[in-house]
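One structure is given here, and the rest of the page talks about it.
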Amino acid sequence: MSYKISLKMTDAATAGEFENPMGRTILESVLAAGADYPHGCRAGNCGACKSHLISGEVEMSPYSEFALSNEEKARGLILACRAVPWSDCEIEPIAVEDAAVHASRRLECRVAEIEAATHDIRIVRLDILSGGPFDYTAGQYAELTFDGLPPRDFSMAAAPGADHLEFHVRRVAGGTVTTHVLENLSVGDPVRVSGPMGTAHYRAGHKGPMLLLAGGSGLAPIKAIIEAALAGGQGLFVYFGARDERDIYLESHFQDLAARHGNLKFTVVLSEPDGPTMRRTGFLADAVGADFTGLDGFKAYLAGPPVMVESATEALTGLGLARRDCHADAFYTEPEKSNP
């Protein structure tokens with residue numbers, strides 16, 4: 001038995017009707033039919049596939065409230081990746097007027113450089129051998145496949161047009177892919193790259209001040225956004241959260257940028273310093289709350305561990321930042337994706 005999914009899209013080539021077999025999510029059926037539909041983690045964590053349920057009934061599998069709030073659910077919004085139809089349905093993805101639209105590419109690359117950024121983070125730079133050009137907007141991510149291993153998502157860490165594709169890979173406990181990158185990856189190794197993807201990208205049309213919050217290797221997409229936004233001249237207030245001194249990286253890079261660009265301020269916040277420190281301590285949300293009494297006219301970009309992103313988002317909206325002006329890219333491990 002199957003149900004019919006009617007898909008409303010501004011792109012006539014994508015809109016249409018699709019069969020949805022019993023037990024399959026809407027997103028699975030739409031993608032299986034070859035349609036292009038906005039999505040990210042496919043596990044109810046990121047919110048990229050948030051959609052209007054115009055008609056019909058669906059059952060939602062467990063998902064993160066960061067991806068879909070109770071208020072949004074009450075307004076009839078669903079996550080296509082978690083929605084299993086129980087009737088014929090009509091849906092429409094949320095319109096993103098400032099969406100980043102780029103051709104989807106499958107690139108064959110090779111490792112050009114590997115840099116030890118910290119004890120558990122490697123900066124990997126790739127040369128594109130075929131499949132390019134690779135156009136993306138700062139803040140987006142791609143799916144990387146290292147030889148013989150399952151694909152994983154990593155954010156581009158350099159502004160578009162850089163000499164290499166740059167990614168920051170942090171070791172995840174028990175992670176096969178990240179352990180391979182830290183222990184076995186070598187210059188010259190092949191890497192397949194597919195993308196770009198993601199909705200937490202730089203909105204160049206915004207001319208007001210920006211808050212940029214990064215936790216750990218979440219610094220990657222924030223770095224790309226900073227490098228893309230510097231020429232705009234608006235205030236860029238960057239907060240980088242790390243556990244301890246050994247977890248800080250690229251500080252000299254941002255200090256140099258700040259010395260050359262008066263509109264950039266870079267602040268490190270340590271959450272668990274191992275001993276006395278002259279740096280700020282605590283959580284990023286608390287640091288922002290101490291520095292700002294209101295965020296009228298701001299736009300914010302956040303990337304890092306889910307707990308950091310969710311608590312900071314709540315703090316920023318509490319300071320008056322509109323939820324639509326808060327763009328977040330939470331980094332979920334594979335176990336976290338399975339348990340939203």
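The values are calculated or read from the model by the stated rules, or taken from the named source; none is laboratory data. Given the structure is predicted, the values throughout are model-derived calculations rather than measurements. No Cβ is skipped: glycine too gets one built from the backbone with ideal geometry, and neighbour counts run over all protein chains shown.
Per-structure values
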item	result
Checking LEU321 against (1) over 19 Å from the mean Cα position of the chain (by Cα); (2) crowded, with 22+ Cβ neighbours inside 10 Å; (3) part of a helix (DSSP H, G or I), the condition it does not meet	(3)
Residues satisfying the stated conditions in the range 170-196, i.e. assigned to a loop (DSSP other than H, G, I, E, B) and among the charged types (D, E, K, R)	ARG171, ASP189
Residue satisfying condition, being among the aliphatic types (A, V, I, L, M), more than 25 Å from SER217 (Cβ to Cβ) and touching a helix residue (DSSP H, G or I) at 6+ places or on another chain (Cβ under 8 Å), within set VAL124, VAL172, VAL84, VAL101	VAL84
Options PHE167, PHE154; residue that is part of a strand (DSSP E or B), more than 30 Å from MET60 (Cβ to Cβ) and within 18 Å of the chain's Cα centre (by Cα)	PHE167
Residue pairs meeting the criteria (Cβ under 8 Å; at least 6 apart or on separate chains; first in a helix (DSSP H, G or I), in the range 287-298; second modelled with pLDDT of 95 or more)	ALA287/TYR239; ALA287/THR267; ALA287/VAL269; ALA287/ARG280; VAL288/LEU211; VAL288/LEU213; VAL288/TYR239; ASP291/PHE237
Residue among VAL268, VAL309 that alone is closer than 26 Å to PHE154 by Cβ, hydrophobic (A, V, I, L, M, F, W, C) and in contact with a Leu (Cβ under 8 Å, 6 or more places away or on another chain)	VAL309
The one condition in (1) in contact (Cβ under 8 Å) with a residue 40 or more places away in the chain; (2) in contact with a helix residue (DSSP H, G or I) (Cβ under 9 Å, 6 or more places away or on another chain); (3) not in a strand (DSSP E or B) that GLY241 fails to fulfil	(3)
Residue in the range 29-38 that is modelled with pLDDT under 85, under 30 Å from GLY131 (Cβ atoms) and among the hydroxyl-bearing types (Ser, Thr, Tyr) present	yes
Residue tally, condition outside the structural domain of THR145 (by TED's automatic domain parsing) and aromatic (Phe, Trp, Tyr), over the range 158-203	1
Qualifying residue in the range 256-275 (condition: part of a helix (DSSP H, G or I), at negative phi, among the aliphatic types (A, V, I, L, M) and at pLDDT below 95)	no
